[in-house]
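The values are calculated or read from the model by the stated rules, or taken from the named source; none is laboratory data. Here the structure is a predicted model, which means the values were calculated and not measured. Neighbour counts are summed over all protein chains in view; Cβ atoms, including those assigned to glycine, are modelled from backbone coordinates with ideal geometry. Just the protein is used for accessible areas: all its heavy atoms, side chains included, with ligands, DNA and RNA removed. Shrake-Rupley method; radii C 1.70, N 1.55, O 1.52, S 1.80 Å.
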Amino acid sequence: MQQRKKETVLTLSAKKKAGMPITMVTAYDYTQARLVEAGQIDTILVGDSLGNVMLGYDTTIPVTLDDMVHHAKAVRRGAPDTMMIVDMPFITYHQTPADTVRNAGRLMQEAFADAVKLEGGHAIAPHVSALVQAGIPVCGHIGLTPQSVLQFGGFKVQGKEEKAAARLVDEALEIEQAGAFLLVIECVPTVVATEITKRLTIPTIGIGAGQDCDGQVLVFHDLLGFTMQKTAKFVKSYASLGTQAVDAIASYREEVKSRTFPNERYRYDDEVTGFRGES
Ligand code: KIV
């Protein structure tokens, strides 16, 4: 297979200009990353959603920088030729801009991230600028930003009222102005994401934000139907691998219990001479 070219901040910008949709899928370990790269997805997001789907937390708030470094290193090994954006977790970009740069530096130097992602608007714009000045490409994230779920009072569509929608447009412009090269928009009315996408020169990536964003992102486990739990309205599962996995595990259990596994296909019956097992 021909080796493909890794996306860059320039090629993603060119895709927006050419009206070519950008694909993004999350991955959290080596095997998932290999699958996503084989599926020729443009960009991998090592999302802090790993707190939910890999570590079993209810929110992303307990995820640490060490967790992100650990998972991103594995993803990098599985997908060396795909642009890898890594989430900065809760409270790693909310103190001084110098702290933010130091924390992002770990993701760049230890995990070889191509970019980092930060949630928020006005309050984090100075942190975006500091990262960009340090040479670190930044992806913003507005709308339903899961690290603020306690403030939102739950996982709810954002920007439904006129004032809130206008605030989202302002935040998007501010994050672009601060130097971000990409912006994730999560769980907002389509008309709001469409307006933001028109107003920005940088590409937008939607999740629950309608069809007009410059690209789309889905969580690996949702896309493949692994979770077997109720998912948000915006999730489309393209497979039901959770159910298939449970069926496969149950078949294995039955074959072990009935001693039909391992049959001769899976045994070394003829490869020992002179040993009968008698002492
Ligand atoms: O953490 C994550 O997976 C994300 C995406 C849902 C955008 O931020």
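How many angstrom lie between the Cα centre of region 170-201 and the Cα centre of region 244-279? Here the two parts' Cα centres lie 57 Å apart. For the chain, the solvent-accessible area works out to 55 Å² per residue, with a probe of 1.4 Å and every protein chain left in place. Quick check on region 85-220: take the gyration tensor over C-alpha atoms, sort the square-rooted eigenvalues as a ≥ b ≥ c, and tell me if it's rounded (a/c under 1.5), prolate or oblate. Prolate, since a/c reaches 1.5 and a/b exceeds b/c. Were the residues from Glu110 through Leu150 laid out at 0.36 nm apart, the gain over their Cα-Cα distance would be 11.3 nm.
With the Cα gyration tensor of region 168-279 in hand, convert its eigenvalues to equivalent ellipsoid semi-axes via √(5λ) and list them largest first in whole Å.
Working: eigenvalues 609, 58, 17 Å².
Semi-axis lengths for region 168-279 are 55, 17, 9 Å.
Evaluate 2.2 N^0.38 Å with N set to the residue count of region 67-124, then give the Cα radius of gyration divided by it. Intermediate values should be presented prior to the final figure.
Numbers: Rg = 11.6 Å, N = 58, 2.2 N^0.38 = 10.3 Å.
This ratio for region 67-124 stands at 1.13.
When the chain is treated as a Gaussian network with alpha carbon springs shorter than 10 Å, the biggest mean-square fluctuation among Tyr93, Tyr266, Tyr238 belongs to Tyr266.
Between Tyr30 and Thr273, the simple label model (points 7 Å from Cα in the Cβ direction) yields a spacing of 3.8 nm.
Give me log10 I(q)/I(0) at q = 0.07 Å⁻¹ for the chain, Debye formula, one equal scatterer per alpha-carbon, no solvent. Debye curve over Cα of the chain, log10 I(q)/I(0) at q = 0.07 Å⁻¹: -0.30. Expressed in Å, the radius of gyration and Dmax of the Cα atoms of region 1-131 are 14.8, 46. For each pair in Lys5/Lys236; Lys156/Lys233; Lys156/Lys230; Lys17/Lys198; Lys73/Lys236, compute the distance between the two Cα atoms and list the pairs where it is over 19 Å. Beyond 19 Å between Cα atoms: Lys5/Lys236; Lys73/Lys236.
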